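Here is the structure we will look at.
The values are calculated or read from the model by the stated rules, or taken from the named source; none is laboratory data. Please read all numbers here as calculations on a predicted model, not as lab measurements. We place every Cβ from the backbone using ideal geometry, glycine too, and count neighbours over all the protein chains shown. Calculation scope for accessible area: heavy atoms of the full protein, side chains included, ligands and nucleic acids excluded. Shrake-Rupley method; radii C 1.70, N 1.55, O 1.52, S 1.80 Å.
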Amino acid sequence: MLDHAVLQHHTVVLEVPHPLLRLLSDKSHDKTCLLVELQGNKTGMRYAVLTMQAADTQLAVVAPFASKLVRKWLLQALERDGRFRFLLEASDSAYVAVLDVPYLGERPDAASLPASLDVAPDAGGPHSGQLHRAELRAVVRIAEMEGYDASLINDVITRERYVVVVQPADWPPGASADGSMDEASGTDIVQSQVLH
């Protein structure tokens, strides 16, 4: 792959519909990301809601901070000139795209994120895997709400938004102890909607 150097860092792998893959990998479109942090009300776990936008389409990725893999990925994005890295594929195509997406604006979240990442592993440790997954679904429902779809690009109206939940291989915490990690780790598109 021409972009193989990008993969020396942690990368989130997402399977998306082929039209979305084509749009997001199109180098003629500017792309940007905005990170919003949400906290679960049952476990206290923190979650990243990272919205990427290209043209009038958004892809929102919801991931738990409690995963070591997610924390490493987020910390690498905070490095000097850091970017959020994604590897996108589509089930109906052999094409794979590697994206290196910058923050929106001046990265106002960068100062507080490391502290959130430090606290996240301690939150919700004794809870069951089922509770963590139920809470993740609740956070996804919040990410789907109106207001989270605001455009990240000036003078562009967001017309379509995809919400994807990421369940890393090392999450939920304590899953191996309670035997609740029956489901395969990976990503699922939980919602796709035309907004306007």
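When we screen 168, 121, 108 for residues that are farther than 25 Å from residue 27 by Cα, surrounded by 17 or more Cβ atoms within 10 Å (Cβ to Cβ) and modelled with pLDDT under 85, the only hit is 168. Of all residues in the range 15-39, those satisfying the criterion of being of a type in the set (A, V, I, L, M, F, W, C) and touching a helix residue (DSSP H, G or I) at 6+ places or on another chain (Cβ under 9 Å) are 16, 33, 35, 36, 38. Here are some conditions: (1) buried (at least 17 other Cβ atoms within 10 Å of the Cβ); (2) at pLDDT 85 or above. Residue 89 meets all but one. Which one does it not meet? With respect to (1) buried (at least 17 other Cβ atoms within 10 Å of the Cβ); (2) at pLDDT 85 or above, residue 89 is out only on (1).
On the stretch given as the range 146-161, residues that are surrounded by fewer than 17 Cβ atoms within 10 Å (Cβ to Cβ) and modelled with pLDDT of 85 or more total 7.
Of the strands (runs of 3 or more DSSP E) that lie entirely inside the range 1-98, those containing 1 or more residues that are in contact (Cβ under 8 Å) with a residue 40 or more places away in the chain and closer than 21 Å to residue 132 by Cα span 12-15, 31-39, 46-54, 57-64. Apart from one condition, residue 127 fits all of (1) within 18 Å of the chain's Cα centre (by Cα); (2) modelled with pLDDT under 80; (3) crowded, with 18+ Cβ neighbours inside 10 Å; the exception is (1).
Kindly indicate whether residue 175 is at pLDDT below 85, open to solvent by less than 20 Å² (accessible area, probe 1.4 Å) and either of a type outside the set (D, E, K, R) or touching a strand residue (DSSP E or B) at 6+ places or on another chain (Cβ under 9 Å) (or both). In short, yes.
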